[in-house]
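J.: My questions will all concern the structure given below.
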Amino acid sequence: MNAIQTRALRRVFTAGRDKRGKSGSRTALDGVDLSIPPGEVHGLLGPNGAGKTTLCKILSTVLVPTSGSASVMGHDVVTGLAAVRPLVGCVFGGDRGLYGRLSGRKNLAYWAALYGVPRRLIDGRTTTLLDRFGLAGRADERVETYSRGMKQRLHLARGLVHNPPVLLLDEPTTGMDPVSAMDFRRLIGELRNEGRTVLVTTHDMAEAEAVCDRVTLVNDGRILHSASPQELSALVSRYGRVEARNVPDTLTQRVRILPGVTRVATDTDGVTRIELASADAAPPVLRLLIERGVTDLATCRPGLEEVYLHLIADRGMEVGR
Amino acid sequence: MNRYLAGFRLQTALLRRAFGDLHTLLTVPVYTLIFLAMTDGVHRPGLSTDAVLAPALMGLWFMAVFTAGDLIVWDRHHGTLEPTVAAPGSLAPVITGRIGAVTLLSFVVYVESWAVGAGYGLRLTVHHPLVFLAGVVATAFATACTAAMIATLLVLPRNAQIYQNSVSWPLFLLSGIIVPISALPDWLRPLSRLSFLYWSAGLLRSALGTHPVDDALLRLTAVVLLGTVGAGAAAFLLRKVLTRLRVLGTLGYS
Ligand SMILES: Nc1ncnc2c1ncn2[C@@H]1O[C@H](COP(=O)(O)OP(=O)(O)OP(=O)(O)O)[C@@H](O)[C@H]1O
Ligand SMILES: [Mg+2]
């Protein structure tokens with residue numbers, strides 16, 4: 001049995017009328033098949049509007065699928081609602097979703113009670129969580145005085161308040177400083193050691209590589225690719241490139257014919273972009289450039305968007321709509 | 001029970017930190033003064049009861065509609081409804097607990113209007129304390145249940161706030177707490193029987209009077225029954241509304 005399973009999952013939003021009075025609909029998820037075994041930390045990567053939040057909401061039962069099915073620990077999210085809810089902890093980030101007038105401790109205590117944590121355990125549980133997320137010093141201050149990152153940590157604490165075996169983390173590190181983001185990586189490691197299944201959405205490829213057992217790339221409501229972080233980083237270096245300044249034309253011609261170089265283009269600012277088809281293509285290119293006195297150069301990992309574009313192009317899919 | 005308590009404690013904590021939400025309570029003395037002045041209640045003992053009772057009942061109702069009626073809408077706008085719904089168990093006891101906290105606090109309206117009456121030189125005696133007490137409790141129950149229904153009805157329409165005022169005054173009129181029912185057109189009068197506030201006001205008025213109270217049990221039953229109908233409607237509507245929001249995807253309202 002998979003901890004999380006979706007089959008041909010589709011979700012269509014009927015948007016309100018637009019300016020011209022046409023009422024349109026938007027497909028947020030378009031036939032998603034996803035299987036996540038218990039204990040896996042699974043990353044969901046995708047650009048804005050890819051459907052990541054929509055998937056998390058369906059799995060946490062606050063949104064109903066249009067068609068297809070989704071289940072958590074074998075329970076359907078629509079028909080087995082009551083069984084699913086205690087199993088899932090969800091963290092929808094951001095400034096919203098907390099009672100700003102109450103302290104962090106009061107907030108946690110409320111959600112603990114709501115999730116059926118026995119009253120005698122609530123105090124201890126909230127204190128432990130506040131400690132774990134570095135909020136102990138501000139625990140009794142109003143949440144509205146917290147910084148964004150602190151609110152984010154409180155969201156995470158809330159997600160764990162009932163000790164769920166499955167966690168859905170929707171962009172859990174937005175607003176966190178780099179140190180907290182590192183703490184977050186450690187936290188994910190702990191959650192993995194505790195045997196929990198984690199679905200975490202992010203825009204950050206490096207973060208996904210660092211914490212996930214497997215990563216799924218989504219775009220436009222469809223799954224593009226599922227891979228381990230190793231495969232992902234291979235993919236990334238495959239689409240690596242070199243950028244250099246002040247490369248003479250003659251040198252550009254020579255670089256172009258080196259093995260593994262797919263494209264060379266110089267823009268109006270005088271920056272030459274050399275796109276590579278494999279990781280081993282980079283050293284000869286760099287060597288040649290340096291020999292010829294080009295010192296202003298850098299190798300670049302492609303951003304997530306670039307990888308998508310490549311993947312989409314490889315599959316002959318249309319970009320955008 | 002735990003979910004009820006969770007709601008009750010949450011709302012108590014929220015109210016303690018937001019005196020702004022309690023502004024309704026400040027209007028009770030003002031209304032009491034207005035009514036006393038208008039009816040010249042001190043010199044017309046027949047009306048003095050109403051002049052004190054009406055602002056209390058109005059305050060109770062306004063607290064329910066403005067503070068309790070907003071709960072779900074507020075949660076939805078602030079993104080707290082979504083995690084509340086994602087938690088296991090039904091939402092109804094949580095909301096009931098929260099409204100219960102508001103209603104309990106609202107008992108202070110009786111103290112306020114009584115105090116203003118006393119300050120005006122008015123001596124009100126509760127001649128039938130048991131009936132009065134039962135009436136006050138039944139009224140609180142019915143108010144909370146009706147507020148729960150309104151809280152649910154306010155979720156779907158945009159700008160729901162404007163309805164909060166527009167349902168209140170007709171209710172007051174129908175219930176005979178501002179003007180006697182006999183002042184209403186004939187065809188309207190039967191509708192009064194459907195308002196719990198009509199029965200509440202009648203019962204409490206009788207409990208304050210010197211005459212024996214007629215049909216006390218029957219009138220109490222009417223209050224409780226209408227409250228229960230409200231609670232049933234609230235639970236039914238809440239299920240419908242939540243399903244609708246989950247289908248539309250607007251539980252989180254962004
Ligand atoms: N309630 C809604 N009503 C209408 N359209 C919606 C609604 N929620 C999401 N959508 C649309 O569904 C698509 C997917 O949105 P979703 O929020 O799942 O994306 P995402 O991958 O989480 O994006 P981001 O990275 O920006 O958080 C978008 O086109 C969005 O506009
Ligand atoms: Mg999102």
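Taken together, the values in this text are just the output of simple stated rules run on the coordinates, not laboratory data. These numbers were taken from a predicted model, which means no experiment stands behind them. Because the Cβ atoms are built from the backbone with ideal geometry, glycine has one as well, and the counts that use them run over all protein chains shown.
J.: For peptide B:7-15, compute the average count of partner chain beta-carbon atoms within 10 Å of each residue's beta-carbon.
T.: Partner-chain Cβ atoms within 10 Å, mean over residues of B:7-15: 3.
J.: What is the dipole size for segment A:240-300, taken about its Cα centre, with +1 at each Lys and Arg Cβ and -1 at each Asp and Glu Cβ, in debye to the nearest 20?
T.: For this selection, approximately 160 debye.
J.: Over all alpha-carbon pairs in the protein assembly as shown, figure out the percentage whose distance exceeds 40 Å.
T.: Roughly 43 percent, rounded to a whole number.
J.: Okay, next question. With each label point set 7 Å from Cα along the Cα-Cβ vector, what nm distance links A:Leu81 and A:Ser233?
T.: Computed distance between label sites A:Leu81 and A:Ser233 equals 4.4 nm.
J.: Further, regarding this structure: What relative contact order, as a whole-number percentage, does segment A:240-300 give when Cα pairs under 8 Å and 6 or more residues apart are counted?
T.: It comes to 48 percent, rounded to a whole number.
J.: Count the DSSP beta bridges whose two residues both fall in segment A:4-226, then state the antiparallel fraction as a percent rounded to the nearest 5.
T.: Percentage antiparallel, nearest 5: 55.
J.: Is it possible to state the helix-based mean residue ellipticity at 222 nm for chain A, with each DSSP H run of 4+ residues giving -39500 (n - 2.57), the sum divided by total residues, to the nearest 500 deg cm²/dmol? What is it?
T.: Roughly -10000 deg cm²/dmol at 222 nm, from the helical runs in chain A.
J.: What size of dipole, in debye to the nearest 20, comes out for chain A about its Cα centre when the only charges are +1 on Lys and Arg C-beta atoms and -1 on Asp and Glu C-beta atoms?
T.: 1120 debye
J.: Using the Cα atoms as the points, what is the convex hull volume per residue of segment B:2-248 in Å³?
T.: Dividing the Cα hull volume of segment B:2-248 by its residues yields 133 Å³.
J.: Let's test the formula: R0 of 45 Å, r as the Cβ-Cβ distance of B:Trp74 and A:Asn163. What FRET efficiency results, to the nearest 0.05?
T.: The pair B:Trp74/A:Asn163 has a calculated efficiency of 0.95.
J.: Springs between alpha-carbon pairs under 10 angstrom, Gaussian network model over chain B: which of B:Thr103, B:Thr139, B:Thr210 fluctuates most?
T.: B:Thr210
J.: So between B:Arg244 and B:Leu225, what do we pick up on full extension, going 0.36 nm a residue minus the alpha carbon distance?
T.: Separation in residues times 0.36 nm, less the Cα-Cα distance, equals 4.0 nm.
J.: Looking only at other chains, what is the average number of their beta-carbon atoms within 10 angstrom of each beta-carbon in B:239-252?
T.: Partner Cβ neighbours, averaged per residue: 3.
J.: Related question: Can you give me the relative contact order of chain A as a percent, contacts being Cα pairs under 8 Å and 6 or more apart?
T.: Over chain A, the number comes to 19 percent.
J.: Nearest 0.05, what FRET efficiency do B:Tyr120 and B:Phe236 give at R0 = 51 Å with Cβ-Cβ as r?
T.: 0.70
J.: Would you calculate the convex hull of the Cα atoms in segment A:4-226 and tell me its volume per residue in Å³?
T.: 133 Å³
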